[in-house]
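First the structure, in the form of structure tokens, and then the observations on it.
The values are calculated or read from the model by the stated rules, or taken from the named source; none is laboratory data. Since we're looking at a predicted model, the values are computed, not measured. So basically every Cβ, Gly included, is an ideal-geometry build from the backbone, and we count neighbours across all protein chains shown. Keep in mind that these areas ignore ligands, DNA and RNA; they rest on the heavy atoms of the full protein, side chains included. Shrake-Rupley method; radii C 1.70, N 1.55, O 1.52, S 1.80 Å.
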Amino acid sequence: MVATPESLPLPAAHEEPRFRTCASTGLKIHLAAQTLIKANAVTAVVFLAIGGLFGLLVALTRWPAVHLLPADWFYLVLTAHGLDVLLLWIIFFEIAILYFASAVLLGSRIAAPRVAWAAYALMLIGGLITNVAVLQGGSTVMFTSYTPMMAAPNFYLGLIIFAVGALVALGVFFGTLVVARDERTYEGSVPLVTFGAITAAIIAVFTLASGAIILIPTYLWSLGLISMPDPLTYKLIWWGMGHSSQQINVSAHVSIWYLIAAVVLGAKPLSEKVSRMAFFLYILFLQLASAHHLMVEPGLSSEWKVFNTSYAMYLAVLGSMIHGMTVPGAIEAAQRANGYDKGLFGWLRHAPWGNPAFAGMFLSLIMFGFIGGISGVVLGTEQINLIMHNTIYVPGHFHGTVVAGTTLAFMAGTWLLLPLIFQREIIWPRIARWQPYIFAIGAGGISLFMMGAGTLGVARRHWDITFADASMSFSYPPAAFLMMGLNGICALFAATGGIMYILTVVATVLWGKRIADGQAVQLASPKARVVTEYGSIEHPKIPGTIILTVIFFVAFVLYYYVNWKYLAEVWPMR
Amino acid sequence: MAIAPPADRMWWRTPVARPEIIWIVVSFLWGLVMFFTMIYWHAYGKQNLSNETYRTTPMKYSAKVDEMVGKFQVRDDNGIPVVRPPAGGDVYMLARTWMWYPHIELVKGQSYKFHFSSLDLQHGFSLQPVNVNLQVHPGYEHVLTFTPDESGEYSVVCNEFCGLGHHLMLGKIYVVEK
Ligand code: HEM
Ligand SMILES: [Cu+2]
Ligand SMILES: [Cu+2]
């Protein structure tokens, strides 16, 4: 059903915005926004397919028994892997989320759809230019492209164009917020999920600005117009982009957690105030954490390192620790209200584990906290970084955050987008049902085994840990080889989960049964019965969450001090 | 619900549940504990970076390296000099594509002032199997004092990607009883 609400003033010089009302959620959806969300999401999935394939090739090469690619291809493919997944998959999907959280959740038209298309085109063109530059072979510099290593000018040019496109898309997002407020499409404050998206967008502006500050001079340098940016300064500003962009991811995937908990279980945040404050902490503190990439760098003082990683980082970590409790807490409270209130964990046992949106979301929550979160804090501790810097522990850590956390959450969110935005029934529900588990085993596995190998010293971005062609001989301990082999096996699981996701999504978009405009789909999981009294605001009944939180905290403290103990065993230095 | 505006328009005035308050306080205190652990380690821990750094140039730095090699070379490893600087003295480690130069012999339990710099790209000093990892930049001379506490043959892997021969870059540090 296409409704055109009379109450909306016409945007000047544009055709009247056309809306439909979603029968499942009651949300009023601007069709232009819907098309933009589809385009950005589909493009994201395509880049995940390409980048994920590269990831598999990399992992198979690092599996000592397989050692698939030759060295030059390995480094090239690794560069492309980082770019396609971290930049293109994640950011295209985030733009889709931003449009969803603004236009759709606020029931507003999207501001300036044409500009949004221009943004899309810039991002796509930029992404393609950089990909071509990498695949041509002259830009095997890893996605961090540290100077003095130089890529082909197009490598930087593509990134700059992409960043400009993303900035324009952010402008459309902020514009949409203004439109929604001016046209009074909602009452009171924006929903929590939108608030989280705003957090992501604000951080994104900072991030892209840092990217421009550093990539533009680097581009000019690659053209031979100016002298080389100082390698240390480059790194400092580069990580202003590289690290804070990870906070965009965290804000976005935490928003998705809340979204899925709300849609599937009807979960309400325990406290709007606390959850919003936790998002706000990200804005205040995460940008500064670029420091924790520079712990063993020359020329920076310990005071600077300690200050920037503790004051700044721990307050941002505090934000994540809060969400880590309030999200399961909200789920527990909702499940108990839905009638699943037996014992400590009845709510969890009876959660809709067969629903891939929920299963993916919950697995993402657990793995982001236990694997990505804890390892990140440990890795970012000034002195402990000495025993981890640039080992494969680092990719282990961030596959825990950005793959097991963000990517899995985005996949989970897709299972809701398909019926709601694409208006298609999931074509192979059984594959979708298993997908989160297979992918989670793989993603969790590669994270843990890379962390394990890194603890044994294995270098990241390294083609041959046997050093067969080096003039000296050395080999890592056998356990390290075992870990890298297990990493390869888990990569097969991750790739399988990834392929299940991509094929099901693409087939659904193309051939899934259409859901007519007025037709509602069952998104919420069935309730056992409705319980009206399950605690109060001051005393919500969330004993299960409290126990999970205590387990998390104990794991965190133990793991943190175990690593201090490892550090204490290495050569004394001062 | 998190996808609709808060039902209570005055949401910032609603009380916060006790478990949430406790968790916020615990997490905050844990942040402080971690902060003070780093500071404590600076005072009492045995593994800290001095963060002593100087600006240098490839020319100036390689001159110092050559001087050290000239004075203290004791033998060679397939053409790469092995130097044995005096205990307590300076050790100049040079990184370049794709080698660590020179190889070093140290005496267990003695302290040495290590200097690190690169001639060309960034490299990663990764001492194995001890597992100490430092970033090495061109243009910067990073100084710190090591006290090897066990004898044996140690390898220096490069763990910052430095081009197609990155995985060939392998240096040696020998620690002898005396
Ligand atoms: C099939 C799934 C995946 C597998 C098997 C995989 C595996 C790997 C492996 C083995 C490495 C190389 C570590 C090294 O040698 O240094 C790597 C690097 C990396 N991966 Fe993945 N990955 C996957 C998916 C992803 C996704 C979804 C993302 C981001 C959202 C991601 C982001 C990265 C990044 C940023 C790097 C670092 C590249 C660099 O060092 O320059 N990966 N991955
Ligand atoms: Cu190197
Ligand atoms: Cu290297």
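For the residues B:164, B:49, B:106, a GNM of chain B with alpha-carbon springs under 10 Å puts the largest fluctuation on B:164.
Suppose every Lys and Arg Cβ carries +1 and every Asp and Glu Cβ carries -1, with no other charges. What dipole size does the protein assembly as shown come out with about its Cα centre, to the nearest 20 debye?
Values: 44 positive and 39 negative charges, 309 e Å.
For this selection, approximately 1480 debye.
Neighbouring Cβ atoms from other chains, within 10 Å of the Cβ of residues in A:453-463, number 6 on average. Over 29 Å apart at the Cα level, from the set A:38/A:541; A:273/A:527; A:28/A:541, are A:38/A:541; A:28/A:541. This model, with +1 at the C-beta of Lys and Arg and -1 at the C-beta of Asp and Glu, gives segment A:30-242 a dipole about its Cα centre of some 180 debye.
Heavy-atom accessible surface of residue B:18, to the nearest 10 Å², is about 140 Å², with a 1.4 Å probe and all protein chains retained.
Here the peptides B:25-34, A:400-409 are ranked by packing, the mean other Cβ count within 10 Å, and the order with the highest first is A:400-409, B:25-34. Taking all C-alpha pairs of the protein assembly as shown, those more than 46 Å from each other amount to 22 percent. Summed over both chains, the contact between A and B buries some 8400 Å² of accessible surface at a probe radius of 1.4 Å. Assuming R0 = 22 Å, can you tell me the calculated FRET efficiency for the pair residue A:72 and residue A:469, based on Cβ-Cβ distance, to the nearest 0.05? That pair, residue A:72 with residue A:469, gives E of 0.95. Shown are A:189, A:375, A:227, whose ranking by accessible area with a 1.4 Å probe and every protein chain present, most to least, is A:227, A:189, A:375. Per residue, chain A exposes 34 Å² of solvent-accessible protein surface, assessed with a 1.4 angstrom probe and all protein chains in place. Inter-chain Cβ neighbour count for A:472-478, averaged per residue, equals 5 (cutoff 10 Å, partner chain atoms only). Solvent-accessible area of segment A:30-242 (1.4 angstrom probe, protein heavy atoms only): carbon and sulfur portion equals 73 percent. Listed by chain and number, the aspartates and glutamates whose C-alpha is less than 14 Å from the C-alpha of residue B:46, apart from same-chain residues fewer than 8 away, are A:382, A:569, B:149.
Which value, in debye to the nearest 20, describes the size of the charge dipole of segment B:52-176 about its Cα centre when Lys and Arg Cβ atoms bear +1, Asp and Glu Cβ atoms bear -1, and nothing else is charged? Don't jump to the answer; show the numbers that get you there.
On the way: 10 positive and 13 negative charges, 40 e Å.
Once rounded to the nearest 20, the dipole reads 200 debye.
The heavy atoms of residue A:183 present about 40 square angstrom of accessible area, all protein chains included, probe 1.4 Å. Residues within the reach of a label modelled at residue B:153 (point 7 angstrom out along Cα to beta-carbon, backbone nitrogen below 16 Å), restricted to segment B:48-91, are B:75-83.
Carbon and sulfur together cover what percent of the accessible area of segment B:52-176 at a 1.4 Å probe radius?
On the way: 2160 of 4190 Å².
In segment B:52-176, the share of accessible area belonging to carbon and sulfur is 52 percent.
The eigenvalues of the Cα gyration tensor, multiplied by 5 and square-rooted, give segment A:30-242 an equivalent ellipsoid with semi-axes of 34, 20, 14 Å from largest to smallest. Ordered by solvent-accessible area of protein heavy atoms (1.4 Å probe), largest first, the residues A:160, A:322 come out as A:160, A:322.
When peptides A:194-202, A:261-269, A:95-103, A:41-49 are ranked by their average number of other Cβ atoms within 10 Å per residue, the highest-first order is A:95-103, A:194-202, A:261-269, A:41-49.
Using per-residue counts of other Cβ atoms within 10 Å, averaged over each peptide, order A:131-142, A:148-159 from highest down. Walk me through the intermediate numbers first.
Working: A:131-142: 19.1, A:148-159: 21.6.
Descending mean neighbour count gives A:148-159, A:131-142.
Using C-alpha pairs below 8 Å separated by at least 6 residues, the relative contact order for segment B:92-178 is 38 percent. Report, as a whole number in µm² per second, the diffusion coefficient that Stokes-Einstein gives for segment A:145-240 at 4 °C and 1.567 mPa s using the Kirkwood radius over alpha carbon pairs. Roughly 85 µm²/s, to the nearest whole number. Relative to the longest principal axis of the Cα atoms of chain A, helix A:71-81 runs at roughly 30 degrees.
Take every Cα pair under 8 Å in chain A that's 6+ residues apart, average their separations, divide by the length, and report that relative contact order as a whole percent. Rounded, it is 15 percent for chain A. DSSP beta bridges fully contained in the protein assembly as shown are about 75 percent antiparallel. Counting only other chain Cβ atoms within 10 Å of each residue's Cβ, the peptide B:164-177 averages 4.
Just the ratio, please: alpha-carbon radius of gyration of chain B over 2.2 N^0.38 Å, N its number of residues.
Working: Rg = 24.1 Å, N = 178, 2.2 N^0.38 = 15.8 Å.
Cα-based Rg divided by the globular estimate yields 1.53.
Entry comment: accessible area of segment B:52-176 is 34 Å² per residue, from protein heavy atoms only and a probe of 1.4 Å.
Taking the centroid of alpha carbons for each part, segment A:371-395 and segment A:134-203 are 27 Å apart. Need the C-alpha centroid separation for segment A:58-111 versus segment A:447-471, integer Å. Spelled out, the Cα-based centre of one part sits 23 Å from the other. Cross-link pairs exceeding 25 Å between alpha carbons, from the set B:60/B:172; A:305/B:108; B:60/B:113; A:305/B:64: A:305/B:108; A:305/B:64.
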